[in-house]
Amino acid sequence: MADQFNQPLGGNDMPRFGGPATMMRLPSQQGAAGLDACFVGVPFDIGTSNRAGTRHGPRQIRAESCLLRPYNMTTRAAPFDSLQVADIGDVPVNPFNLLDAVRIIEEHFDTIVADGCKPLTLGGDHTITLPILRAMKKKYGPVGLVHVDAHADINDSMFGERIAHGTPFRRCVEEGLIDGQRTVQIGLRGSGYTAEDFDWPVSQGFRVVLASDCWNKSLAPLMEEVREKVRGGPVYVSFDIDGLDPAFAPGTGTPEIGGLTSAQGQEILRGCRGLDIVGGDLVEVSPPYDPSGNTALVGANMLFEMLCVLPGVAYRD
Ligand code: MN
Ligand code: MN
């Protein structure tokens, strides 16, 4: 049965250090026609406020993803038994013009989601979630959101600019792209300028879960509450790698101590099983700050966990 679906190239057929440099060593194809889900890169970092480098994220995540095998040993998810998945390459962003890049990203995702293909996006800084969700709205209407991040990303502006990597979720609320009553932010922490950074999302109906409320415990019970909050319609997952502690994911532009563990990141994504997930992204991996490649490896694994909870995934249990 698995023969009908694309399969990642196995490590016994071609050594993992050879072969295609696609996500999970999947076949590549142009466009999303015929796919249930796709991996797509957005090599973009001109929305960052501090350390750049996420333009190199998609390529490095793909490189580290060569270690991934197709079956999830813990959850028993076997996504390639029941979904047609491919790597459809990168969005050709304009690296000199942020607003033009945002337009290009939205138009690219319009075509991906038109036929119901669920995009799993390799970022790129967090600016990219705005045009992705603009495209999502045209297909699905406002979506619920599970957002993992050290930062709320609800600034009204940065240096007077309304589109940057610290503003996407303010714009998403204003433009009706997300349903605040079905939105949860997990992992928030650090120093700030004003209490409003964490109070404004609450005023919009979001559930805000501080990183410190996650310390030293399993997040499985939290995810029961999260599922209750976000269910009832399509849900998007946006995972900023800086939600994790820099001990696990140092290669990012705006690291904050006291973050989630990578196991807690897995618990969050595994806890999304059963929701109507319509897409997700993994953003803010910055290879210049990631000499070991571990941050990109963690990112690749988180994208695999997202794939494993998409609707229609087969489980061998
Ligand atoms: Mn972010
Ligand atoms: Mn962040």
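The values are calculated or read from the model by the stated rules, or taken from the named source; none is laboratory data. Please read these numbers as outputs of a predicted model, since none were measured by experiment. All Cβ positions, glycine included, derive from the backbone under ideal geometry; neighbour counts span all protein chains shown. Side chains included, ligands, DNA and RNA excluded: accessible areas come from the protein's heavy atoms. Shrake-Rupley method; radii C 1.70, N 1.55, O 1.52, S 1.80 Å.
Scanning the range 152-182 for residues that are within 16 Å of ligand 1 (Cβ to nearest atom) and of a type in the set (Phe, Trp, Tyr) returns a single hit, Phe169. Contact map, the range 129-151: first residue within 16 Å of Ile277 (Cβ to Cβ) and modelled with pLDDT of 95 or more, second residue within 14 Å of ligand 2 (Cβ to nearest atom) and not in a strand (DSSP E or B), Cβ cut-off under 7 Å, separation 6 or more or different chains; pairs are Thr129/Pro168; His147/Phe169; Val148/Gly243; Val148/Gly265. Here Val283, Val298 are screened, and the one residue that is touching a Gly at 6+ places or on another chain (Cβ under 7 Å), modelled with pLDDT of 95 or more and within 16 Å of ligand 1 (Cβ to nearest atom) is Val283. Any residue in the range 57-78 that is within 16 Å of ligand 2 (Cβ to nearest atom) and modelled with pLDDT of 95 or more? For the range 57-78, residues within 16 Å of ligand 2 (Cβ to nearest atom) and modelled with pLDDT of 95 or more: present.
Listed here are the residues, each with its yes/no results for (1) charged (D, E, K, R); (2) within 25 Å of Glu267 (Cα to Cα).
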{"residue": "Leu122", "(1), (2)": "no, yes"}
{"residue": "Asp125", "(1), (2)": "yes, yes"}
{"residue": "Val143", "(1), (2)": "no, yes"}
{"residue": "Gly160", "(1), (2)": "no, no"}
{"residue": "Ile163", "(1), (2)": "no, no"}
{"residue": "Leu177", "(1), (2)": "no, no"}
{"residue": "Gly192", "(1), (2)": "no, no"}
{"residue": "Trp200", "(1), (2)": "no, no"}
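Of the helices (runs of 4 or more DSSP H) that lie entirely inside the range 54-153, those containing 1 or more residues that are open to solvent by less than 10 Å² (accessible area, probe 1.4 Å) and of a type in the set (S, T, N, Q) span 129-140. Going through the range 183-202 one residue at a time, which ones are more than 12 Å from ligand 1 (Cβ to nearest atom) and among the small types (Gly, Ala, Ser)? Hits for the range 183-202 are Ser191, Gly192, Ala195.
Please state which one of Gly47, Gly11, Gly41, Gly19 is at positive phi and either touching a residue at least 24 places away in the same chain (Cβ under 8 Å) or among the basic types (Lys, Arg) (or both).
Values: Gly47 fails: at positive phi; Gly11 fails: at positive phi; Gly41 fails: at positive phi.
Result: Gly19 is the single residue among Gly47, Gly11, Gly41, Gly19 that is at positive phi and either touching a residue at least 24 places away in the same chain (Cβ under 8 Å) or among the basic types (Lys, Arg) (or both).
In the set (1) among the hydrophobic types (A, V, I, L, M, F, W, C); (2) under 28 Å from Pro8 (Cβ atoms); (3) more than 16 Å from ligand 2 (Cβ to nearest atom), Val226 fails one condition alone, (2). Tell me which residues, restricted to the range 244-261, are open to solvent by less than 30 Å² (accessible area, probe 1.4 Å) and hydroxyl-bearing (Ser, Thr, Tyr). Listed by number, the list holds a single entry, Thr252. For the range 168-185, state whether one or more residues are more than 14 Å from ligand 2 (Cβ to nearest atom) and among the aromatic types (Phe, Trp, Tyr). No, the range 168-185 contains no residue that is more than 14 Å from ligand 2 (Cβ to nearest atom) and among the aromatic types (Phe, Trp, Tyr).
Being of a type in the set (Phe, Trp, Tyr), open to solvent by 10 Å² or more (accessible area, probe 1.4 Å) and modelled with pLDDT of 95 or more, is that true of even one residue in the range 286-295? Yes, the range 286-295 has at least one match.
The sole residue among Ala249, Ala314 that is without any contact (Cβ under 8 Å) to a residue 60 or more places away in the chain and hydrophobic (A, V, I, L, M, F, W, C) is Ala249.
Looking at the range 270-292, can you tell me whether even one residue there is part of a helix (DSSP H, G or I) and under 25 Å from Arg231 (Cα atoms)? Spell out how you get there, then give the answer.
Here is the first cut: in the range 270-292, the ones part of a helix (DSSP H, G or I) are 270, 287-289.
Applying the additional criterion that residues be under 25 Å from Arg231 (Cα atoms) yields 270.
Yes, because at least one residue in the range 270-292 is part of a helix (DSSP H, G or I) and under 25 Å from Arg231 (Cα atoms).
Residue-level check: of (1) surrounded by fewer than 18 Cβ atoms within 10 Å (Cβ to Cβ); (2) over 30 Å from His151 (Cα atoms), Arg51 misses just (2).
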